[in-house]
Each structure stands twice: as C-alpha cells, then as structure tokens.
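Below you'll find the structure, written out as structure tokens, and then a few comments.
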Amino acid sequence: MKILIIEDELEIAQSIKNYFRTNGIQCEMAENYKLALSKIDSYDYDCILLDLMLPDGDGFDILRELKRKNKTDGVIVVSAKETLETRLEGFNLGADDYLTKPFHLSELLVRMQALIRRKNFKGSNNLIFNEIVIDILSKSVTVNDIKLDLTKKELDLLLFLIGNENKVLSKAAIAEHLSGDMADMLDNHDFIYAHIKNLKKKLSQAGSGDYIKTAYGLGYKWENE
C-alpha cells in the first residue's frame, strides 16, 4: 500500500507515518495545498488521508481536483470539522470515508485497509488468483498450499501486478509504486528487473503458472495463461 498524508500539523502526520510504517505501509507527506497537488499530479496512491484545513488552500478543492482529473485514489477525510454539512460536502465531492479528530491510529488503519479492500480486492481479505492465495491482512502468500517466503517489495510487486491484470506497467510506474517519490532520485530502474526475476522464480518453484509477462521496451504485465 502507498499512502499520501495531507496534513499541516507535522506531529500528527509523523505519528500516522510512524504507525503505518510499523504495519508495512509506505507513506508520503504533504504539509500544504501546493505540495499536495504536486504529488497528486505526479503519483497514484492507494489512499489519501486528507485534512480539510490547510495553510494555503482548502481540502475540498483537493477533492474537486481529484474528481476533475478522474483520479481513482481512495480518500479518507481526517478533520476537526465534524458538522453534518461538512461531512455531506466531503462525500458529495468524492471522499470515501470521514474520520473526525481526535482519533485512534488503530481505527484509521482499519478504515484505510477496508477502503483499499473495497476498491482493489472486492472487499475480501483474501486475494485469490488461480492457485495463488494472498492474505492481505497477514501478508502471506501461498501457491498450491505452499507458503512463499517473499520480501515486502516482492509482495508489494505481486499485489501491484495482480491489481492491474492485463495492463502493461512501465518500469517507472513500478519503481514509483515500490519506492514512492524516492524513485525520482534513482539513476535507473534496474532493481525492478531483479525483483521481477526473484518473484517469478519463487512463484515457479511453488508450481505457479507463468503469469508475469515482459512487454519488451515497455515494461511488465500480469496475464492469465
């Protein structure tokens, strides 16, 4: 999962990031409206945590911008505003959930996981693709009932590929998904080839089909045989 935290209170944003990181979730932060729009333009996120009151803009305008750009990122509004009118406006502009400050980090995590399951995995905790079974919550993968020993990057890569079945994903898109905005600082994307190679080997050794295809000069895609 890759999350964008749009929050001007840096202590709150950092506490969310630290908590999510211990749960294996990659987070990026934007402390103002301008930076948030720049990140939204440049990257796709599984979920955006959106504070409505920003020092240089309105969180509702970010929702409007997401809608205008036809972005499909999940959005949870996290705000001290708790009036019915504010909630309704957020939902009408495309927010998926609304959580009022103060809140428990454990509740925010559960809500975010539920949102991502609804959007990407049809609400199920288990993602099943033929002989492959992925338990989203426990982060375990089995092939023909054989448990695979995958690294976090390999699991993220597997979910990204399956979630975009039959779509060609460029190396840049995969690098951005695995490394976030750090991908812009990398000299090349050779590490993607290494992750693909290792993932294919582990799947094959457990008897999985050859679903990861190379689109030469373009990238990779997950394709049912």
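The values are calculated or read from the model by the stated rules, or taken from the named source; none is laboratory data. Computed from a prediction, not measured in an experiment: that's the story for all the values here. Ideal geometry is used to build each Cβ from the backbone, glycine not excepted, and the neighbour counts take in all protein chains shown. All accessible areas refer to the heavy atoms of the entire protein, side chains included, with ligands and DNA or RNA removed. Shrake-Rupley method; radii C 1.70, N 1.55, O 1.52, S 1.80 Å.
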Check off (1) over 20 Å from residue 150 (Cβ atoms); (2) modelled with pLDDT of 95 or more for residue 216 and give me the number that stays unchecked. (2)
Pick from segment 158-185 the residues that are modelled with pLDDT under 85 and among the polar types (S, T, N, Q): which of them is nearest to residue 119 (Cα to Cα)? 164
Any residue in segment 61-75 that's over 19 Å from residue 177 (Cα atoms): show its pairings with residues that are part of a loop (DSSP other than H, G, I, E, B) and hydrophobic (A, V, I, L, M, F, W, C) at Cβ separation under 7 Å, as long as the two are six or more apart or on different chains. 63/93; 63/95; 64/93; 67/93
Just checking, which of 58, 73 is open to solvent by less than 50 Å² (accessible area, probe 1.4 Å) and of a type in the set (D, E, K, R)? 73
With the structure loaded, tell me whether residue 43 is in contact (Cβ under 8 Å) with a residue 40 or more places away in the chain and either outside the structural domain of residue 150 (by the TED database) or within 15 Å of residue 93 (Cβ to Cβ) (or both) or whether it fails that test. yes
Looking only at segment 37-53, how many residues end up being of a type in the set (Asp, Glu) and in a helix (DSSP H, G or I)? 1
Being at negative phi and open to solvent by 20 Å² or more (accessible area, probe 1.4 Å) is the filter here; which residues of segment 216-225 pass it? 216, 218, 221, 223, 224, 225
Top-ranked residue of segment 21-33 - restricted to ones that are in contact with a strand residue (DSSP E or B) (Cβ under 7 Å, 6 or more places away or on another chain) and in a helix (DSSP H, G or I), ranked as most open to solvent (accessible area, probe 1.4 Å): 21
In segment 92-171, which strands (runs of 3 or more DSSP E) lie fully inside it and hold 3 or more residues that are at negative phi and open to solvent by 40 Å² or more (accessible area, probe 1.4 Å)? none
